[in-house]
Amino acid sequence: MASIVKAIRIEQHGGPEVLKLVDVELAPPAAGEVTVRHHAVGLNFIDIYFRTGLYPHPLPHGLGAEGAGVVEAVGPNVAGFKVGDRVAYGQSPLGAYAEARNVPAANLVKLPKGIEFDAAAAMMLKGLTVQYLFRQTYRLQGGETILFHAAAGGVGLIACQWAKALGVKLIGTVSSPEKAEIAKAHGAWATIDYSRENIVERVMELTGGKKVPVVYDGVGKDTWEASLDCIEQRGLMVSFGNASGPVTGVNVGILNQKGCLYLTRPSLGVHINTPEKLKAAADELFGLVQKKKIQMHIAQRYALGQAGEAQTALAARKTTGATVFTI
């Protein structure tokens with residue numbers, strides 16, 4: 001029997017004003033699905049990309065792909081989950097901005113003891129992003145010095161801690177002295193305040209002119225050129241996001257000119273495209289959290305009806321760490 005829940009929906013692309021909190025009908029879970037009653041939902045930059053239409057999706061639609069809660073119902077052909085299980089997910093069809101929803105069981109993992117719902121909602125997409133960046137895209141061994149943009153953001157603060165746990169020196173870019181302090185407190189080896197320092201010059205100083213073997217860039221257009229100039233010969237440019245806008249019109253010859261560089265544009269979905277891969281990545285993340293090697297920094301909490309306000313703060317870079325909606 002269907003139930004009615006509150007959820008955010010958009011009927012057209014645009015600014016935060018297009019986000020509407022409405023009543024929607026939640027059908028029983030279909031085959032392969034689980035109904036999750038949310039306790040917390042994560043906010044991510046990708047949500048803004050879908051709202052604006054940068055990432056196209058047929059309208060009308062919901063938003064959000066990360067949440068944590070309790071299993072309320074289990075559909076046919078689902079193994080491994082039962083009513084009452086504590087679960088979380090970091091990749092799903094759009095629609096996490098809701099009190100409850102149906103999620104493919106293949107996207108879910110069980111939450112171990114000691115990891116609360118709000119922490120799980122804050123860490124799944126962001127933490128699994130760091131897992132694939134650091135352990136799959138370019139497998140950090142320890143001893144490297146790397147550059148990571150937006151180090152005081154939700155992904156960045158997890159990256160700072162994970163790098164330190166691996167014995168990696170993370171140089172993090174930030175936009176203010178306050179964010180520099182936060183990044184350092186979470187394990188960044190050094191920070192660069194790009195509002196008052198030259199990124200390339202500081203990387204050269206910090207590395208003794210050697211540059212870095214890999215740059216992780218989730219900012220996009222604004223940092224593209226600087227990122228390339230920070231990479232050592234035959235190093236890797238990992239462009240994994242577009243917070244400042246997408247990188248377009250690139251002449252691939254620039255990769256040769258900058259030192260025969262490698263370039264990849266990875267995404268989480270391809271790295272955890274089976275339940276087995278998802279569980280393995282989540283187990284590694286949860287293990288570091290349980291050992292206190294990674295602690296979630298949730299600096300902002302909003303009600304679901306404040307989704308527009310939350311996205312505005314995120315886009316304006318006024319947030320630090322993670323932001324969650326508490327249900």
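The values are calculated or read from the model by the stated rules, or taken from the named source; none is laboratory data. Keep in mind the model is a prediction, meaning the values are calculated, not measured. Cβ atoms come from the backbone with ideal geometry, glycine included; neighbour counts cover every protein chain shown.
Couple of notes before you dig in:
- Leading residue by the ranking (farthest from residue 222 (Cα to Cα)) among those in the stretch 233-273 that are in contact (Cβ under 8 Å) with a residue 40 or more places away in the chain and β-branched (Val, Ile, Thr): 272
- A single entry from 137, 207 fulfils the requirement of being in contact with a Pro (Cβ under 6 Å, 6 or more places away or on another chain) and touching a residue at least 40 places away in the same chain (Cβ under 8 Å): 137.
- Candidates 174, 200, 214: the one that is in contact (Cβ under 8 Å) with a residue 12 or more places away in the chain, farther than 24 Å from residue 310 by Cα and touching a strand residue (DSSP E or B) at 6+ places or on another chain (Cβ under 7 Å) is 214.
- Failed item in (1) under 19 Å from residue 227 (Cα atoms); (2) assigned by TED's automatic domain parsing to the domain that holds residue 36, with residue 108 passing the rest: (1)
- Options 253, 245, 249, 209: the member that is at pLDDT 95 or above and over 23 Å from residue 144 (Cα atoms): 253
- Residues satisfying the stated conditions in the stretch 195-219, i.e. crowded, with 19+ Cβ neighbours inside 10 Å, over 23 Å from residue 139 (Cα atoms) and basic (Lys, Arg): 202
- Every residue from the stretch 151-175 that is more than 23 Å from residue 120 (Cα to Cα), surrounded by fewer than 24 Cβ atoms within 10 Å (Cβ to Cβ) and modelled with pLDDT of 95 or more: 167, 168, 169
- Every test in (1) out of contact with any strand residue (DSSP E or B) (no Cβ under 6 Å at 6 or more places or on another chain); (2) of a type outside the set (Ser, Thr, Tyr); (3) under 19 Å from residue 130 (Cα atoms); (4) surrounded by fewer than 21 Cβ atoms within 10 Å (Cβ to Cβ) is passed by residue 222 save one, and that test is (3).
- Any hit, the stretch 278-292, residues being over 18 Å from residue 135 (Cα atoms), surrounded by 13 or more Cβ atoms within 10 Å (Cβ to Cβ) and not acidic (Asp, Glu): yes
- Listed here are the strands (runs of 3 or more DSSP E) enclosed by the stretch 152-253 that have at least 1 residues being closer than 21 Å to residue 295 by Cα and out of contact with any helix residue (DSSP H, G or I) (no Cβ under 6 Å at 6 or more places or on another chain): 169-174.
- Taken across the stretch 115-129, residues that are in contact (Cβ under 8 Å) with a residue 12 or more places away in the chain, outside any helix (DSSP H, G or I), in the same structural domain as residue 304 (by TED's automatic domain parsing) and in contact with a Lys or Arg (Cβ under 6 Å, 6 or more places away or on another chain) do not occur at all.
- Inter-residue pairs, beta-carbon under 7 Å, first assigned by TED's automatic domain parsing to the domain that holds residue 22 and crowded, with 19+ Cβ neighbours inside 10 Å and in the stretch 48-64, second β-branched (Val, Ile, Thr) and in a helix (DSSP H, G or I), 6+ apart: 51/18
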